[in-house]
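Before any comments, here is the structure.
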Amino acid sequence: MLRKCSAPSVLWLTGILLAVGASVVGYRVWEGEPYPAVVPDQVAVRLKGEAQRVYEEVALPGRPGVSSSGVETGTCYYRGLRSIAHIDEGRSDVRSFGLEWRVTDVPRSTARAGQERVRRRLEREGWRLTGENVSDMGFRFVHPDTDDMVDVDWYEPTGTLAVSVHAPCGKLPAGFDEYAWPESEWSPG
């Protein structure tokens with residue numbers, strides 16, 4: 001049997017619900033959209049795999065060695081209104097990830113042919129072109145599901161073919177140490 005509630009009880013309950021709702025909305029406006037949780041080793045494996053595919057597709061004659069520091073982390077910032085209180089202050093619990101490699105003295109025709117092979121594969125796999133001629137001759141693609149980016153650039157003065165593979169910001173697991181991270185190492189196989 002249902003019991004009738006008095007007007008003060010209904011008002012009190014409505015007030016509580018409004019206060020809770022306002023708190024949740026206020027927190028979200030202050031904090032902004034939360035960063036997705038990431039597993040750094042999985043991100044590193046994904047980036048290294050993409051960097052390796054690009055290296056193989058550009059098919060540089062003689063398979064020259066590359067200059068690379070492996071997978072590195074980058075700074076990410078606060079979101080929402082909290083970002084105003086922390087202008088230019090990076091978060092220690094959220095990082096982006098990137099792997100860059102480069103080879104110098106690559107002739108224009110070699111670089112262009114390699115870039116075209118990479119471009120065709122990325123288009124075939126559904127990556128989205130977001131920039132062209134970022135360098136003297138280059139492009140950027142973004143993966144539609146992960147927002148990972150691949151840049152393949154060539155710089156005429158030095159004949160440098162530069163490849164960057166990046167993953168967007170993600171919340172790190174507790175205890176992650178980017179300076180003692182064995183999965184970050186990479187060199188083309």
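Do any residues in the range 144-155 that are over 19 Å from V38 (Cα atoms) have Cβ atoms under 6 Å from those of residues that are hydroxyl-bearing (S, T, Y) and modelled with pLDDT of 95 or more, where the two are at least six apart or on different chains, and which pairs are they?
Between residues of the range 144-155 that are over 19 Å from V38 (Cα atoms) and residues that are hydroxyl-bearing (S, T, Y) and modelled with pLDDT of 95 or more, the close pairs are D151/S164.
When both residues are 6+ apart or on different chains and their Cβ atoms are under 9 Å apart, which pairs have a first residue that lies in the range 161-176 and is over 20 Å from R79 (Cα atoms) and open to solvent by less than 50 Å² (accessible area, probe 1.4 Å), and a second that is assigned to a loop (DSSP other than H, G, I, E, B) and among the charged types (D, E, K, R)?
Every condition considered, the pairs that remain are V165/D148.
Do the conditions hold for W30, that is, is it under 30 Å from D177 (Cα atoms), surrounded by 11 or more Cβ atoms within 10 Å (Cβ to Cβ) and at pLDDT below 70?
Judged against the criteria, W30 is a match.
Please specify each residue of the range 59-112 satisfying the condition of being touching a helix residue (DSSP H, G or I) at 6+ places or on another chain (Cβ under 8 Å), open to solvent by 40 Å² or more (accessible area, probe 1.4 Å), in a helix (DSSP H, G or I) and within 20 Å of M137 (Cα to Cα).
Result: no residue meets the conditions.
Exactly one of (1) assigned to a strand (DSSP E or B); (2) in contact (Cβ under 8 Å) with a residue 60 or more places away in the chain; (3) of a type in the set (V, I, T) is unmet by T130. Its number?
Failing condition for T130: (2).
The values are calculated or read from the model by the stated rules, or taken from the named source; none is laboratory data. Quick caveat: nothing in here was measured; it's all calculated off a predicted structure. Glycine gets a Cβ as well: all are built from the backbone with ideal geometry, and neighbour counts include every protein chain shown. To get the accessible areas, we keep the full protein, side chains included, count just its heavy atoms, and leave off ligands, DNA and RNA. Shrake-Rupley method; radii C 1.70, N 1.55, O 1.52, S 1.80 Å.
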